[in-house]
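The numbers here are math on the coordinates, done by the rules we state, and not lab data. Given the structure is predicted, the values throughout are model-derived calculations rather than measurements. Note that each Cβ is placed from the backbone with ideal geometry, even for glycine, and that neighbours are counted across all protein chains shown.
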Amino acid sequence: MLAFVATLSVKAELVEEFKTAAPDLMVQVRKEPGNHAYIGHQSPEDPTRFIFYEQYDDEAALLAHRENLASLGVNLHEMLTEPPSIEFLDLL
């Protein structure tokens, strides 16, 4: 099982657009084969910072997720101030 936390820094002028799109996107991602969790949070201290906890069966499911985002027309890199920070986790 792959588990990780992805931290996104969204451009200030796109925060509301991101917040509007995120709930529908999370529903779509949760339907992907091999996805076990896709939970988003917004930082109360920094409203431009979003943190997602994600779980996938394996690397293939994660790659399929990335392809699915592209097919949904999601281009995160246009909305972010920097590349996402990803911290992989070990399940207990």
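Determine the calculated [θ] at 222 nm for the chain from helices alone, applying -39500 (n - 2.57) to every DSSP H run no shorter than 4 residues and normalising by the residue count; nearest 500 deg cm²/dmol. Mind dumping the intermediate values first?
Numbers: 3 runs with 33 residues, N = 92.
Helix-only estimate at 222 nm: -11000 deg cm²/dmol.
Between the DSSP loop rule and a limit of at most 13 other Cβ atoms within 10 Å, which trypsin sites (Lys or Arg not before Pro) in the chain are left?
Numbers: sites: LYS11, LYS19, ARG30, LYS31, ARG49, ARG66; in loops: LYS11, LYS31.
When the trypsin sites (Lys or Arg not before Pro) of the chain are filtered for loop state and at most 13 Cβ neighbours within 10 Å, LYS11, LYS31 remain.
So for the pair LEU76, ARG30, with labels modelled 7 Å out along Cα→Cβ, what separation do we get in nm?
The modelled label-to-label distance comes out at 1.8 nm.
Give me the extension gain from ILE51 to LYS11: residue separation times 0.36 nm, minus the current Cα-Cα distance, reported in nm with one decimal.
Numbers: separation 40, 0.36 × 40 = 14.40 nm, distance 1.44 nm.
Value of the extension gain: 13.0 nm.
In whole angstrom, note down how far apart the Cα centers of segment 1-20 and segment 53-92 are.
So the separation of the two Cα centres works out to 11 Å.
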